[in-house]
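First the structure, in the form of C-alpha cells, and then the observations on it.
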Amino acid sequence: MESPVEKIKKGSHGLRGMLKDSLLDEHTGAIRDDDQTLIKFHGMYMQDDRDVRDKRAEKKLERLYSFMIRLRLPGGFLTSSQWKALHDIAGEHSTGIIKITSRQTVQLHGILKSHIKPTLQAFNKVKLDSIAACGDVNRNVTVTAHPKASPVHEEVFSFAGQISEALLPKTQAYYEIWLDEEKIAEHNEEDPLYENRYLPRKFKIAIAIPPYNDVDVFTNDIGLIAIIENGKLVGYNISAGGGMGTTHGNAATYPRLATVLGFVEKEKALSALYEIVTIQRDFGNREDRKLSRLKYTIDRMGITAFKEELESRISFSLSPARDYAFTQRADDFGWHSDAEGKWHYTLFVENGRVLDHEHGVLFKTACLEIAKTGKANFRFTCNQNLVVSDVAVSDKDFIDTVLRQHNIVQHTENASQVRKNSMACVAFNTCPLALAEGQRYLPSLISKLEILLAKHHIEKEGPIVRMTGCPNGCARPYIAEVGFVGTAYGRYNVMLGGDVRGERLNKLYKENLDETEILNVMDALFAQYAKQRKGPEESFGDFVVRASIV
Ligand code: SRM
Ligand code: SF4
C-alpha cells in the first residue's frame, strides 16, 4: 500500500493543498497536518521549540510553533545586495542567525506563521526563492566551493543552475500562495517529470571539481565529477545511489556511497541525470519511506539492470569512467586567488552559525559592512563555511581590514585543525527528529578533544569529526574519520574510519557512549595513533582501518 504522503501529494492540486486557509487560521501557530507535508516542497518546515515543549504542555499551552525557511541556492552563491537583504530579513522575521547548511545554502529559523509571506516576498525582491529546497523533489544542487578550483569553476557553477531549473516542479503554487500572483489554470502546469506524484523521496545532486571533494559527491543520489582535459571541461563521471540516512534498529536501512556508472560528455549530462530522476520516479519505493531513496532502488534493481534502464532511456551508452583524483574535502581557509586574479577569503564559521558572538567575533556585522560596499560576493561551502569572494586585488586590503577589525581573520587562523574540520547538524532545539544535541554540543566536545590531541602531540593532525543528533546523517557523519551519531540525549554511537577524500564509509566502533566514555575511548585511540602511525601522512581514518580497530 502506498504511504500516506503519496496520497497527500496526488491530492494537493499542484502542491497547493489548503495552505492558503492554513495561513489565515489565527487560532493556532501551526498549519494543517497535510499542509505540513506540502509546505516542504515550498522550502519550509513547521517546527516547535523543543526546549520549552514540556513546560508549555504542563501549562496546557500549544507548542511554540514556528517555521524554518531554506533557500534554493545552486552552487551556494549570493551577491552583496542579496546578502544585505538576507541580513535584514533574518533580523526582521527570524531568530537573526543565518545558518549555513551542509548543502551550501542558508536557513532561517523561528519564523512565525504570519511572517512567512513577508519573508518570501522580501527574498523574491532580490531574486531569491525557496522552491524545492525541501520535499520529494530535486534539492539544492551543490558545487565545489573553491572558486579558485580551476578555470572551469564558472562553467560548472552555471551548469548547477541549469540542473536546478530543469528539475524544478512546474506548479506555480509558490508564486500564487506566497507572492500573491494570479492563479494559473492547473492544466497549464503539466509536469512531465514529476507528474502529480513527484518523487518517492528527496533527491540530491552534487558536482565535484577534482581534486576537491568538499561536496562529498558520493553521498548524493547523483554525483557528477568534472573531468578536465587540457584545461577544458569535457564532461563528467556520473555516479548514482549515494545517501546517508539510516534508522536505529532498522537493519534494512544503511548509508551508501554512490556507484560510478561511467563518463558522459558535458552536452549530454543533463539528459543523463534527468533520466536517472525519471527511473527513480518510476521504480522507487512508494510504500515505505524508510526504503525509498535511490540507493535502495538501485540495490533492488541491481546496478547492471539500472544502467541498462538508464541507457535505454537516454538512447546512448555511457563511456567508461575517466581518471580523476580527489585529495581533500576540507575547505582552504584564508586568502586565495583564482585564475582571473580575483581574491577569495574562506572564513571559518563553526557549524555554519553566522552571528555576532559575545566574545567579539562579529560575523554578521562584518559581512554586512562588506556587503554594503558591493566589493565582494558571498559563497557557502558544504562544510558550512563562508567565502567572501570575487574581491578585486585593489579591494583586498580593505576587506582584510574589515575581517580583522571584527576578529574574523584571528578566529579563522587560531581555530585548531580539528575544530575547523568539524561539522554538526542543527538538532536541538528546532529539529523534531533530534535524539541528542548537535551544533549546540559539538564545540564543547571539540575543546575536550583538543586537549587530548595536544596531550599526544598530534594537534596538527586533527581528524575530520562530525556529529549528528540522530541517524539521519545531516552532517554526513558516516564518511567522517570520527562520526558521533546521537542515540539518546547525551549519548552517541562512535563511528570510525572514513578517509580524507570522502571515498570510504566509516564503521561502528562503540555504541551509545556518554561524554566520559567518549573521551576515554578517544584518549586511548589518539595515544595508539600517536605511537603507531606510519608518519604524519597517515590520517587517523586510515590508521584505524590499517590497525584493524574497525
Ligand atoms: Fe537533513 C531531515 C537539517 C543535510 C539527511 N534535515 C532534516 C530536517 C529537515 C528534519 C525534519 O525532517 O523535520 C532537519 C531540520 C533541522 C533544523 O531545525 O534545521 C535537517 N539536513 C539538515 C541541515 C540543515 C543540517 C545542517 O546543520 O546543515 C542540512 C540542510 C541541507 C540543505 O541545505 O538542503 C541537512 N540531511 C542533510 C544531509 C547532507 C547532505 O545532503 O549532503 C543528509 C544526508 C544525505 C542524504 O540525504 O542521505 C540529510 N535530513 C536527512 C534525513 C534522512 C534521509 C534519508 O534518506 O533517510 C532526514 C529525515 C527524512 O528525510 O526523513 C533529514
Ligand atoms: Fe535533525 Fe537528525 Fe538531521 Fe540532525 S541528523 S538535523 S538531528 S534529522
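Remarks
- The chain, relative contact order [Cα under 8 Å, separation at least 6], %: 13 percent
- For the chain, the fraction of alpha-carbon pairs in successive 10 Å shells from zero, as %: 4, 18, 29, 29, 17, 4, 0, 0
- Across q = 0.13, 0.14, 0.23 Å⁻¹, the stretch 22-96 modelled as identical point scatterers on its alpha-carbon atoms has Debye log10 I(q)/I(0) values of -0.54, -0.62, -1.15, in the order of the q list.
- Ranking by accessible area, most exposed first, for 478, 175 with a 1.4 Å probe: 175, 478
- Cα gyration tensor shape for the stretch 369-466, rounded if a/c is under 1.5, else prolate or oblate: oblate
- List 125, 84, 55, ordered by accessible area with a 1.4 Å probe, largest first: 125, 55, 84
- Accessible area of the stretch 227-335 belonging to carbon and sulfur atoms, whole % at 1.4 Å probe: 50 percent
- The stretch 399-550: relative contact order as a whole-number percent, Cα under 8 Å and 6+ apart: 19 percent
- The Cα center of the stretch 1-52 and the Cα center of the stretch 103-181 differ in position by 19 Å.
- Between the alpha-carbon centres of the stretch 459-482 and the stretch 253-314 there is a gap of 27 Å.
- For the stretch 163-219, the set of trypsin sites (Lys or Arg not before Pro) satisfying both a DSSP loop assignment and a count of at most 16 other C-beta atoms within 10 Å is given as 170, 183, 197.
- Computed about its Cα centre, the charge dipole of the stretch 118-200 is approximately 460 debye, with only Lys, Arg, Asp and Glu carrying charge at their Cβ.
- Probe 1.4 Å, all protein chains present, accessible-area order of 95, 278, largest first: 95, 278
- Dipole of the chain, positive end: most advanced residue of 399, 445, 217 [Cβ charges, Cα centre]: 445
- Probe 1.4 Å, accessible area per residue of the chain, Å²: 40 Å²
- Computed about the Cα centre, the dipole magnitude for the chain is approximately 760 debye when only Lys and Arg (+1) and Asp and Glu (-1) carry charge, each at its Cβ.
- Between the residues 252, 315, 280, the greatest Cα displacement towards the positive end of the dipole of the stretch 229-345, with unit charges on the Cβ of Lys, Arg, Asp and Glu, is found for 252.
- Sequence ranges 514-521, 106-113, ranked by mean other-Cβ count within 10 angstrom, highest first: 106-113, 514-521
- Taking every protein chain into account, the 1.4 Å probe leaves residue 398 with about 80 Å² of accessible area, to the nearest ten.
The values are calculated or read from the model by the stated rules, or taken from the named source; none is laboratory data. Here the structure is a predicted model, which means the values were calculated and not measured. No Cβ is skipped: glycine too gets one built from the backbone with ideal geometry, and neighbour counts run over all protein chains shown. For the accessible areas, the whole protein counts, side chains as well, though only heavy atoms, and no ligand, DNA or RNA atoms are used. Shrake-Rupley method; radii C 1.70, N 1.55, O 1.52, S 1.80 Å.
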